[in-house]
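Beneath this line is the structure, given in structure tokens, with notes to follow.
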Amino acid sequence: MPRTESCPELAEWEIEPLMASDELQLAGPAPRIALISPYGDISSVGLRLVASCLKRAGFEVRMIFLPISSLESRGDVPSDAYFYPKRVLEQVAQQCIGSLFIGISFMTNYYDRTRQLCRFLRDNLGIPVVLGGVHPTLMPQECAPFADYLCIGEGEEAATELALHLAQDGECGQIKNIWPTSDGLPVRGPLRPLVHNLDLLPFPDYDLLDDYVLLEDELVRMTPDLLRFFLREGPVKSVTGTAYYIMLTSRGCKFNCTYCCNTALKKKYPNQPWLRYRSPENIVEEITKAGEIMPFIGSIFFCDDSFLDRNVSELDRFAALYKERAKLPFFCLGTPYGITQEKMEILTDAGMRYIQVGIQTGSPRTTRLYRRDISNDKLLAVTDVIHKFSDRILPPRYDVIVDNPFETSRDVAETVRLLSRIKRPYFIQYFCLTLLPETELLRLAQEDGLIADMITQVYRKQLFYKRKTYLNCLLYLFNTPIPPVLIRYLAARPFRFLFDRRWFELTMGLVVRVRKRIFGAPGEGIKGLVGSRSPSH
């Protein structure tokens, strides 16, 4: 069982256990279920967990990964990037023929392609389509017109129960978390309690028995070599240099940032603890199993929102087990609220070689807007703690949010000044502010008249496609050898008055396009990993 010290309210919550394993077992021949991930990162932890639960219940599962390189790029997004070519749709449909149902999990910025794919599959196959993930959970009425069922909230047990019902009598009945659709509208039903003992869930499925991946408009069988390639080319490839295994060791977040979907999602469970942790034993066991399946894994990436927010005793136990059984370098995310010198000492001794921390802004006004209760002095104190370990870890990465329509030039200049005070070495990663549905920040933007078109300004907003403004260019300079004091000087009011103009952004955009045309895009390095360009059947 996970320890309750990290989430003491669990002791008072009456937890409804997962259904007994014999209640979720298929009787008779094993139908196949197709699960599709549209993400650029093929780790797709949530979908792989659902696959494991379905297999545990006796079903066959075919997973199809459709990475979108153009949507994951850090440059201009091509106008056709939001839709699949017909050739790809046809190949996906071919692999879904005969499925009991087709499940797709997606977030808001994959809305266009998911809607297009669902309509094609429903029109041509007549197989039920089940949509799950963050966007269907927050916007069920929007997804209902192109789905047969919506999976609201956590889907492992709900998807398995739906599969059993469809396999046995072809009817759904009333299943918690599963909302059928009728005439393009969701038929709302009750929600399951959250899974509080995360140790009861199986590990994500990586057996490669029936997996496919999209390569340059061709759907091919996933092989160990391809899996190794994709696990090397993931979100932190510039840091690891090896194939790495992505893990989630918790669910939820204890903070209430106004831009985050976690804040919107937790409102569906007002009387339940939202943040839940797996036990250290369970975490290390998953790493051990993953290493047996994928011996090429060279490092571990814990992508929880707040890995270091655990208490010291929990991290101590994790570190002891990790050093004994895992023995791989690992990387993690952290919030400035949970980082202390004691925790850094425990984790670096266990093998932590890299940490990524959300700073987000240096403007006190924007900090209040985001509902992040932390001062610049506290942020600098945290970066000083991390700097003390610079001889034992790679340069840390600090996240900063840019292109916030609520911010003024002065707000961004305050972020420049904050970054200039952080001790080097470090790397700054910039994320464009994405106003997600049902978040407080989107509501404020709509009230202020800042959103004219939800599709282009919200649904197609990409995290890495930042504007080429003068101040964004100054922020980028922190990742160069240019002295921070000079960057801070260039953010002074006279320079902002001269250069923080539309003409500068247009000029820089032209420079980037010309450079790309001359030098081209970097190669994917994937040719030669597959023997045939056509999918196996």
*Can you find a residue in segment 202-210 that is buried (at least 19 other Cβ atoms within 10 Å of the Cβ), modelled with pLDDT of 95 or more and not hydroxyl-bearing (Ser, Thr, Tyr)?*
yes
*Which one of the conditions (1) among the aliphatic types (A, V, I, L, M); (2) within 28 Å of residue 120 (Cβ to Cβ); (3) surrounded by 18 or more Cβ atoms within 10 Å (Cβ to Cβ) does residue 194 fail to meet, given that it meets all the rest?*
(2)
*Which condition breaks for residue 277 when tested against (1) closer than 16 Å to residue 322 by Cβ; (2) surrounded by fewer than 17 Cβ atoms within 10 Å (Cβ to Cβ)?*
(2)
*So, of the residues in segment 285-297 that are in a helix (DSSP H, G or I) and surrounded by fewer than 18 Cβ atoms within 10 Å (Cβ to Cβ), which turns out to be farthest from the chain's Cα centre (by Cα)?*
292
*asked:* Any residue in segment 490-515 that is outside the structural domain of residue 408 (by TED's automatic domain parsing) sitting within a Cβ distance under 6 Å of a residue that is part of a helix (DSSP H, G or I)? List the pairs, counting only those 6 or more apart or interchain.
replied: none
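Which ranges mark the strands (runs of 3 or more DSSP E) fully within segment 329-424 that have 3 or more residues being within 24 Å of residue 263 (Cα to Cα) and in contact with a His (Cβ under 8 Å, 6 or more places away or on another chain)?
Numbers: elements: 330-334, 352-360, 397-402.
Counting at least 3 such residues, we get no strands (runs of 3 or more DSSP E) at all.
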*Considering every residue within segment 155-169, establish whether at least one is touching a Lys or Arg at 6+ places or on another chain (Cβ under 7 Å), farther than 26 Å from residue 463 by Cα, among the small types (Gly, Ala, Ser) and modelled with pLDDT of 95 or more.*
yes
_Selection status of residue 133, surrounded by fewer than 22 Cβ atoms within 10 Å (Cβ to Cβ) and within 26 Å of the chain's Cα centre (by Cα)_ = no
*(1) part of a helix (DSSP H, G or I); (2) of a type in the set (D, E, K, R); (3) at pLDDT below 90: which one isn't true of residue 305, the others all being true?*
(1)
*List the helices (runs of 4 or more DSSP H) that sit entirely inside segment 172-284 and contain at least 1 residues that are touching a residue at least 24 places away in the same chain (Cβ under 8 Å) and among the charged types (D, E, K, R).*
224-232
*asked:* Of all residues being in contact with a Cys (Cβ under 8 Å, 6 or more places away or on another chain) and among the hydrophobic types (A, V, I, L, M, F, W, C) in segment 350-370, which is surrounded by the most Cβ atoms within 10 Å (Cβ to Cβ)? Just the residue, please.
replied: 352
*asked:* Taking the conditions exactly as written (surrounded by 14 or more Cβ atoms within 10 Å (Cβ to Cβ), in contact with a Phe, Trp or Tyr (Cβ under 9 Å, 6 or more places away or on another chain), closer than 22 Å to residue 138 by Cα and modelled with pLDDT of 95 or more), does residue 435 satisfy them or not?
replied: no
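Look through segment 390-421, keep the residues that are within 22 Å of the chain's Cα centre (by Cα) and crowded, with 17+ Cβ neighbours inside 10 Å, and return whichever of them is nearest to residue 336 (Cα to Cα). Explain how you work it out, then say what you get.
The first filter runs over segment 390-421 and keeps only residues within 22 Å of the chain's Cα centre (by Cα), leaving 396-404.
The next check asks that each one be crowded, with 17+ Cβ neighbours inside 10 Å; those that pass are 396-398, 400-404.
On the way: 396: 13, 397: 12, 398: 10, 400: 13, 401: 15, 402: 19, 403: 22, 404: 21 Å.
Filtering first and then ranking leaves 398.
Taking the condition of being farther than 10 Å from residue 148 by Cβ and outside any strand (DSSP E or B), how many residues in segment 127-136 meet it?
Here is the first cut: in segment 127-136, the ones farther than 10 Å from residue 148 by Cβ are 132-136.
After this cut, where a residue has to be outside any strand (DSSP E or B) as well, the list is 133-136.
The number of residues fulfilling the criteria is 4.
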_I'm trying to understand the selection: among the residues of segment 443-487, which are among the acidic types (Asp, Glu) and either under 21 Å from the mean Cα position of the chain (by Cα) or not in a helix (DSSP H, G or I) (or both)?_
448, 453
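Do you know which of the residues in segment 512-530 that are part of a helix (DSSP H, G or I) and exposed (fewer than 11 other Cβ atoms within 10 Å of the Cβ) is modelled with the highest pLDDT? Full working, then the answer.
Just the residues of segment 512-530 that are part of a helix (DSSP H, G or I), to begin with: 512-519.
From what's left, exposed (fewer than 11 other Cβ atoms within 10 Å of the Cβ): 514, 517-519.
Working: 514: 88, 517: 81, 518: 82, 519: 74.
The qualifying residue modelled with the highest pLDDT is 514.
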_Extreme residue, modelled with the lowest pLDDT, among residues of segment 76-100 that are over 15 Å from residue 112 (Cα atoms) and charged (D, E, K, R)_ = 76
*Can you tell me which of 433, 418, 379 is touching a Pro at 6+ places or on another chain (Cβ under 9 Å), touching a residue at least 24 places away in the same chain (Cβ under 8 Å) and more than 26 Å from residue 330 (Cα to Cα)?*
433
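The values are calculated or read from the model by the stated rules, or taken from the named source; none is laboratory data. Please read these numbers as outputs of a predicted model, since none were measured by experiment. Cβ sites come from the backbone with ideal geometry, for glycine too, and all protein chains shown count toward neighbours.
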